[in-house]
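To keep things clear, I will list the structure first and then write my remarks on it.
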Amino acid sequence: GVYMSTTFLFNEEQISYLRDLDPEEGPEIVSTLIKSFITQTPTHFETIKSAIQNKDEKKVSLLCHNLKSSSGNLGVMSFSKIAGQVEGYILQNTGNVDFQWIANHLTELESQYAQAKSILQKFVLPEA
């Protein structure tokens with residue numbers, strides 16, 4: 001099928017918002033959230049790949065829901081949007097899911113993640 005590429009979209013205001021919630025601990029909290037997103041997302045991708053192999057749409061949907069939230073919290077809007085599209089697609093097509101369609105979107109999420117990682121890295125505090 002036609003492969004649509006989503007423009008990468010990052011909303012830095014979301015990072016500022018999180019930081020400002022706690023003037024003292026804010027930057028540290030943001031740094032920790034980013035580190036866990038950066039380290040956990042590749043693991044989620046691998047789990048999604050095996051779920052695709054096993055045709056386990058419920059697991060794919062759940063993981064995409066988690067990715068949608070974690071990326072949205074950090075302002076990675078385009079990544080969040082794609083994860084949400086996959087989640088929504090599965091909910092609407094339960095029992096009749098095109099796993100190739102999901103795999104294509106996973107490829108797109110992976111390229112979005114690479115871009116997100118390089119931007120988010122700037123907000124990670126150096127190790128004390």
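Quick look at the values:
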{"item": "Backbone HN-Hα couplings from phi across region 9-23 [Karplus 6.51/-1.76/1.60, Hz, Gly and Pro as x]", "result": "9, 10, 10, 5, 4, 5, 5, 4, 4, 4, 4, 6, 4, 9, x"}
{"item": "Under 5 Å, built H, 5+ apart or other chain: amide partners of L9", "result": "M77, S78, F79"}
{"item": "Calculated from backbone phi, Karplus (6.51, -1.76, 1.60) coupling profile of region 102-117 in Hz, x at Gly/Pro", "result": "5, 4, 4, 5, 5, 4, 5, 4, 5, 6, 5, 4, 4, 5, 4, 4"}
{"item": "Net charge of Cβ neighbours under 11 Å - reference F79; Lys, Arg +1; Asp, Glu -1", "result": "+1"}
{"item": "Global size of the chain as Cα Rg and Dmax, reported in angstrom", "result": "15.4, 50"}
{"item": "27 Å Cα-Cα threshold exceeded, pairs from K35/K55; K35/K59; K59/K122; K55/K117; K49/K122; K68/K122", "result": "K35/K55; K59/K122; K55/K117; K49/K122"}
{"item": "Dipole in debye (nearest 20) - the chain, about Cα centre, beta carbon charges: Lys, Arg +1; Asp, Glu -1", "result": "440 debye"}
{"item": "Among L109, Q53, G72 the positive-end extreme of the charge dipole of the chain (Cβ point charges)", "result": "Q53"}
{"item": "Phi to ³J(HN,Hα) by Karplus 6.51 cos²θ - 1.76 cosθ + 1.60 over region 35-45, Hz, x for Gly, Pro", "result": "4, 5, 4, 5, 7, 7, 4, x, 5, 4, 4"}
{"item": "Sites Q121 and S50 - FRET efficiency at Förster radius 35 Å, r taken between beta-carbons, to 0.05", "result": "0.80"}
{"item": "Acute angle (nearest 10 degrees) that the helix 77-92 long axis makes with the longest principal axis of the chain, alpha-carbon atoms", "result": "30 degrees"}
{"item": "Folded to 0 to 90 degrees: helix 57-73 orientation relative to the chain principal axis, Cα", "result": "20 degrees"}
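Each reported figure results from applying straightforward, stated rules to the coordinates on display, with no laboratory input. This one's a predicted model, so the numbers in the text were calculated from it and none came from an experiment. Here Cβ is always computed from backbone atoms with ideal geometry, including for glycine, and neighbour counts include all displayed protein chains.
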